[in-house]
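Bear in mind these aren't lab numbers, they're just calculated from the coordinates by the rules spelled out. In this text the structure is predicted, and so the values were computed from the model without any measurement. Virtual Cβ from ideal backbone geometry, glycine too; neighbours counted across all protein chains shown.
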Amino acid sequence: MDAGFKILIVEDDQDLRESIVEYLSIAGFDVTAVKSAAEFYQAVAQGGWSVVVVDIGLPDQSGFVLVEYVRANTDMKVIIMTARDALDDRVKGYDAGADLYLVKPVDCRELAAAITSQAQRHISRSLFCAPVSHSLSPPTEHWELAQSSWSLIAPDGAQIQLTGKELHFIELLSSGVGKTIARETLLLKLYQRYDEYTSRSLDSLVRRLRVKIMSATACVVPIKTVHAVGYCFSATLRSV
């Protein structure tokens, strides 16, 4: 196994966590395990991870939230590993941004194979675009916003057609590239009010927009979630 694969395991069951770490370490992975969402955020901030394996039922925060955070702020591959096997949970996991959903009990051999597959895809993706900056400072790649044609243009030339609300959202983020635009500000500008309904609408808008971008280009999605604050466009953006 390639020791260059850095794997993060988020699992609150101590026995399972230790057995996974032992198996993956023997298999040659560079693996670190944490037991809570709080430890997860500390680990992710260090950067350099290829794959994260997330349990849903964590003691301090839902694993779905962690998956959304990973998808919004990093280019890591995400594997959900949980005892929840309901279809609604599977759909929710993939909607949150999971690359793979495994239902416990999972044989360590299967988990190792899944991690290897996802890590290789992570490396292949990295060959096309520079990795995301964990400091949220703007990287050197340039995105373009063509307001006349309602489209976002990726550094590799891919064009993403935008709806009116998506265009307005990107315009709001472009007013402070590299800086966080508060969630309340976005809601008031986009929907003229700040409540639970518009908050869900904003989440749906961002999720759809990220899917559009990921479907069109191999470049890392530049729309980043700043936990409990708002959103940020993390790459250089210019209007054309």
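Data for the structure
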quantity	calculated
Rounded to 5, the percent of DSSP beta bridges in the stretch 6-126 classed as antiparallel	5 percent
Cα gyration tensor of the stretch 142-239 - equivalent ellipsoid semi-axes, whole Å, descending	21, 14, 13
Calculated FRET value between residue 161 and residue 15, using beta carbons and R₀ = 41 Å, to 0.05	0.25
The chain: antiparallel DSSP beta bridges as a percent of all, rounded to 5	40 percent
Estimated vicinal HN-Hα couplings, Hz - the stretch 6-21 in sequence order (Karplus 6.51, -1.76, 1.60; Gly, Pro = x)	9, 10, 10, 10, 10, 8, 8, 7, 4, 4, 5, 4, 5, 5, 5, 4
Distance from the stretch 147-206 to the stretch 67-98 (C-alpha centre basis), Å	23 Å
0 to 90° range, to nearest 10: angle between helix 164-174 axis and the chain longest Cα axis	80 degrees
Normalised alpha carbon radius of gyration of the stretch 6-126 [divisor 2.2 N^0.38 Å]	0.95
Table column - 3J(HN,Hα) (Hz), the stretch 57-66, Karplus curve with 6.51, -1.76, 1.60, x for Gly and Pro	x, 8, x, 10, 6, 4, x, 4, 5, 5
Using θ = phi - 60° and Karplus 6.51 cos²θ - 1.76 cosθ + 1.60, couplings along the stretch 229-240 (whole Hz; Gly, Pro as x)	10, x, 10, 9, 9, 8, 10, 5, 10, 10, 7, 10
Overall Cα dimensions of the stretch 161-201, principal axis frame, Å, largest first	26, 24, 14
Using alpha carbons only: equivalent-ellipsoid semi-axes of the chain, gyration tensor based, whole Å	32, 20, 15
Degrees, to the nearest 10: 87-96 long Cα axis against longest axis of the chain	60 degrees
Full-stretch length increase - residue 108, residue 228 - with 0.36 nm per residue and alpha-carbon distance subtracted	39.7 nm
Placed amide H near residue 31: partners under 5 Å, 5+ positions off or other chain	7
